[in-house]
Amino acid sequence: MSNPANKPELIVNGKRLDGRGLDELRPIKITSSVLKNAAGSSFIEWGNNKIMAAVNGPREALPKHTQDPDKAVIKCRYSMSPFSSIEEHGSSRPSRRSQEISKVIREVFENVAMLDYFPGGEIEIFVEVLQSDGGTRAAGITAASVAMADAGIPMRDLPYALSVGRVGDTLITDMNKIEDNYSDADIPMAVCPRNDEILLLQMDGTLKRGEFGQVFEKIKNAGKVISKLQTDALKEPYINIMKKYGGL
Amino acid sequence: MRKIVVPGELLSDKSPRGKDIIIENGKAYATVMGVYDDQKNSFVPLEGPWYPQSDDLVIGIVEEAKLTTSIVDMNSLYKGLLISKYSDTNMESGDIVEAIVRDVDETRTAVLQRPRKLFGGKIIDVKPTKVHRILGREDTMIRQIEQSTGATIKIGMNGRIWIKGGDVALASKAILQIEEEAHTSGLTERINKMLTEGKNNK
């Protein structure tokens, strides 16, 4: 684990360790429909994070006792591959941490997908972390929401997720692994871009009174960029074909 | 002007034609990916599941055959139920059947009627949202493919297509091309061209 004694200087002259500004996101690249056998899929490269998300369903929920006669159930599995991290998370077996993240991802989509269309059904979401560098739960939700739209599951909105942290008196957007380990607070949030509904809110560490409003503002500002990338990734395959043959 | 929309994207203030839309505060938003045409004010989904309706033709595979009922897999959350009261064909598990949806109940079961066994042939799966485009206006597109390739084609609204006889490879290639390019214009001419070329190359 990170020893506070080894804490590096995280912010020097308004620049962070990797040279980013305080509100600057890491480079993000999203591709949709990467897997043929899943109903919907996406691949996200968010800085050094590489995450594959896939969605299956809706189909009959099995075993039968998991069925809900009023709506579909979502089953989510977040897992880190054994080669994904150099430190403590390097194992793909179910752990306390991966169970927690699976649960929060499931709850994000339970609140945004229109599950009452599929009584007795199940929708499976798989988030596979191939390489991790901090903020995988946020990147995983962002990728999973693209995969859900690609699978054609009706949703009220296309959620994105992002984490903001506090280092001393400064708030920084989109923390990487080192910042995550030594920061004073880490707040991942998942938000609906249309009406700024909050779908996930966690906090690790402490925040000063009144700082939460600033955190949310930062997330909403950076979220516009992430939302645009998600939308472009989904539209790209269709627009490429339309450009080739006309129809726009 | 046609545009591709994603879930949660604003369509218009007026309620558009089509399914897969939610209306909040008098504004319509898409819930799946689709194409929105603002002149016709219509929304056509590009992705999404199939919801069985009465009179839909489906292609299914018998999963379980019992004395009085057989359960049919329709590549969907919904199961098809064939009751021997409505048919005199004996089903065995693994049979491919073509049937028509009689009615759908709240337990996700579609009761099927007028089943016909299909022998041999090849099955391809397409997205259920593209089936209407494959059929074409008044089934013109599929008739064109059948005429050019000499194949017999049955199209289930559940996105399963059965092809037998004639040039199966060319027919399935044409169908998969329609599936991929369903949202573009001038598709009929391109398919005609492709079919003539494919026939001449043989």
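A short reminder: the numbers here are calculations on the coordinates, not readings from a lab. Treat the numbers as computed from the prediction; the structure is a model and nothing was measured. Glycine gets a Cβ as well: all are built from the backbone with ideal geometry, and neighbour counts include every protein chain shown.
Out of all the residues in the stretch B:131-143, is one or more crowded, with 19+ Cβ neighbours inside 10 Å, within 14 Å of another protein chain (Cβ to nearest Cβ), among the aliphatic types (A, V, I, L, M) and over 30 Å from B:N90 (Cα atoms)?
No, that holds for no residue.
Mind listing whichever residues of the stretch B:75-112 are within 14 Å of chain A (Cβ to nearest Cβ), in a loop (DSSP other than H, G, I, E, B) and within 25 Å of A:A39 (Cα to Cα)? Before you say what the answer is, go through the steps one by one.
Keep residues of the stretch B:75-112 that are within 14 Å of chain A (Cβ to nearest Cβ), which gives B:75-81, B:104-110.
Those still in the list that are in a loop (DSSP other than H, G, I, E, B) too: B:75-78, B:105-108.
If the condition is that a residue be within 14 Å of chain A (Cβ to nearest Cβ), in a loop (DSSP other than H, G, I, E, B) and within 25 Å of A:A39 (Cα to Cα), then B:N75, B:S76, B:L77, B:Y78, B:E106, B:T107, B:R108 are the ones that fit.
Of all residues in the stretch B:153-190 being β-branched (V, I, T) and in contact (Cβ under 8 Å) with a residue 24 or more places away in the chain, which is farthest from B:F119 (Cα to Cα)? Working first, answer last.
Keep residues of the stretch B:153-190 that are β-branched (V, I, T), which gives B:153, B:155, B:161, B:163, B:168, B:175, B:178, B:184, B:188.
So of that shortlist, the ones also in contact (Cβ under 8 Å) with a residue 24 or more places away in the chain come out as B:155, B:161, B:163, B:168, B:175, B:178, B:188.
Working: B:I155: 15, B:I161: 14, B:I163: 10, B:V168: 15, B:I175: 21, B:I178: 25, B:T188: 30 Å.
Ranking the candidates gives B:T188 first.
Kindly state which helices (runs of 4 or more DSSP H) lie completely within the stretch A:75-183 and contain at least 3 residues that are within 14 Å of another protein chain (Cβ to nearest Cβ) and closer than 30 Å to A:E217 by Cα.
Values: elements: A:96-110, A:136-151, A:177-182.
Those helices (runs of 4 or more DSSP H) span A:136-151.
Over 29 Å from B:P45 (Cβ atoms), away from every other protein chain (no Cβ under 14 Å) and surrounded by 16 or more Cβ atoms within 10 Å (Cβ to Cβ): which single residue out of B:G165, B:G198 fits that description? So that I can check it myself, show each step before the final result.
Working: B:G165 fails: surrounded by 16 or more Cβ atoms within 10 Å (Cβ to Cβ).
Exactly one of B:G165, B:G198 is over 29 Å from B:P45 (Cβ atoms), away from every other protein chain (no Cβ under 14 Å) and surrounded by 16 or more Cβ atoms within 10 Å (Cβ to Cβ), namely B:G198.
Is it the case that some residue within the stretch B:145-153 is touching a Phe, Trp or Tyr at 6+ places or on another chain (Cβ under 9 Å), more than 14 Å from chain A (Cβ to nearest Cβ) and crowded, with 16+ Cβ neighbours inside 10 Å? I'd like the intermediate steps shown before the answer.
Taking the stretch B:145-153 as the starting set, the residues that turn out to be touching a Phe, Trp or Tyr at 6+ places or on another chain (Cβ under 9 Å) are B:152-153.
With the extra rule that they be more than 14 Å from chain A (Cβ to nearest Cβ), the set shrinks to B:152-153.
Then keep just the ones that are crowded, with 16+ Cβ neighbours inside 10 Å; that gives B:153.
Yes, some residue in the stretch B:145-153 is touching a Phe, Trp or Tyr at 6+ places or on another chain (Cβ under 9 Å), more than 14 Å from chain A (Cβ to nearest Cβ) and crowded, with 16+ Cβ neighbours inside 10 Å.
Wholly within the stretch B:1-74, which strands (runs of 3 or more DSSP E) include no fewer than the required count, namely at least 2 residues that are under 21 Å from A:A149 (Cα atoms) and at the interface with another protein chain (Cβ under 10 Å from one of its Cβ atoms)? Spell out the reasoning first.
Numbers: elements: B:2-5, B:10-12, B:21-24, B:27-30, B:34-37, B:42-45, B:57-65, B:69-73.
Ranges flagged: B:2-5, B:21-24, B:27-30, B:34-37.
Determine whether A:S163 is of a type in the set (S, T, Y), surrounded by 24 or more Cβ atoms within 10 Å (Cβ to Cβ) and touching a residue at least 12 places away in the same chain (Cβ under 8 Å).
Details: of a type in the set (S, T, Y): yes; surrounded by 24 or more Cβ atoms within 10 Å (Cβ to Cβ): yes; touching a residue at least 12 places away in the same chain (Cβ under 8 Å): yes.
Yes; evaluated as a whole, the condition is true for this residue.
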